[in-house]
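Input: a single structure, listed below in structure tokens.
None of the figures in this text is laboratory data; all of them are computed from the coordinates on show. Not measured: the values here are computed from a predicted model. Please note: Cβ atoms are built from the backbone with ideal geometry, for glycine as well, and neighbour counts cover all protein chains shown.
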Amino acid sequence: MIFSSLAFAEEVSGTSASWSDISGAENAWDGQKMITNKEYEEVVKALEEKKNAKKIRAQKKAGDPLMKSGNGEMDFLSNFQEQYPLLNLTVPVVTPSGEIPVGHYKVVGTKNNGKVVINLCQAYNVVGKIPATETEEDFDANEINFVKLEPVNDNTLKLMYGSMNFNAYAYIRYENP
């Protein structure tokens with residue numbers, strides 16, 4: 001027994017296959033209202049402001065980004081050492097702000113009200129703050145922005161920092177492994 005699919009569909013549904021019988025097709029747009037270009041632009045502007053506010057909140061939460069220019073990875077890598085010297089700590093050190101574990105740190109020196117502090121940072125977090133003494137000495141560095149560590153004795157290191165703004169040094173204790 002072979003049935004035509006149209007005949008079978010009509011037989012099962014009991015309706016005809018004409019588009020004129022479909023109700024509501026001509027009323028599909030009844031629930032929507034017309035908007036003006038001005039209203040559309042206001043909504044788009046409000047959405048963009050919300051999107052920008054979300055980005056700003058995320059940046060504030062994460063901290064100040066290292067790469068502000070957005071010129072690409074190569075510019076970022078070539079300028080990174082000039083902006084922030086890197087320090088590789090091979091032993092844990094003890095500072096007034098607590099113990100700093102072994103690792104790589106971005107070193108940022110700050111000077112407020114005549115007090116010099118060397119900050120050791122990872123990502124956007126300051127891991128340790130080391131009070132330092134400002135000096136005119138350049139520690140025989142070949143670069144303007146630098147950081148060096150030298151052993152002084154069995155439990156003390158000399159941390160030397162230099163930037164365009166100032167040079168400084170600090171003595172920090174370390175734990176022998």
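Where in the range 125-171 are there strands (runs of 3 or more DSSP E), lying fully within it, with 2 or more residues that are surrounded by fewer than 19 Cβ atoms within 10 Å (Cβ to Cβ) and of a type in the set (A, V, I, L, M, F, W, C)?
146-153
Given the criterion among the polar types (S, T, N, Q) and either within 20 Å of residue 173 (Cβ to Cβ) or touching a Ser or Thr at 6+ places or on another chain (Cβ under 8 Å) (or both), identify the matching residue among 110, 133.
Being among the polar types (S, T, N, Q) and either within 20 Å of residue 173 (Cβ to Cβ) or touching a Ser or Thr at 6+ places or on another chain (Cβ under 8 Å) (or both) holds for just one of 110, 133, which is 133.
How about the range 101-117: which of its residues are part of a loop (DSSP other than H, G, I, E, B) and either closer than 12 Å to residue 134 by Cβ or touching a residue at least 40 places away in the same chain (Cβ under 8 Å) (or both)?
114 - this is the single residue of the range 101-117 that is part of a loop (DSSP other than H, G, I, E, B) and either closer than 12 Å to residue 134 by Cβ or touching a residue at least 40 places away in the same chain (Cβ under 8 Å) (or both).
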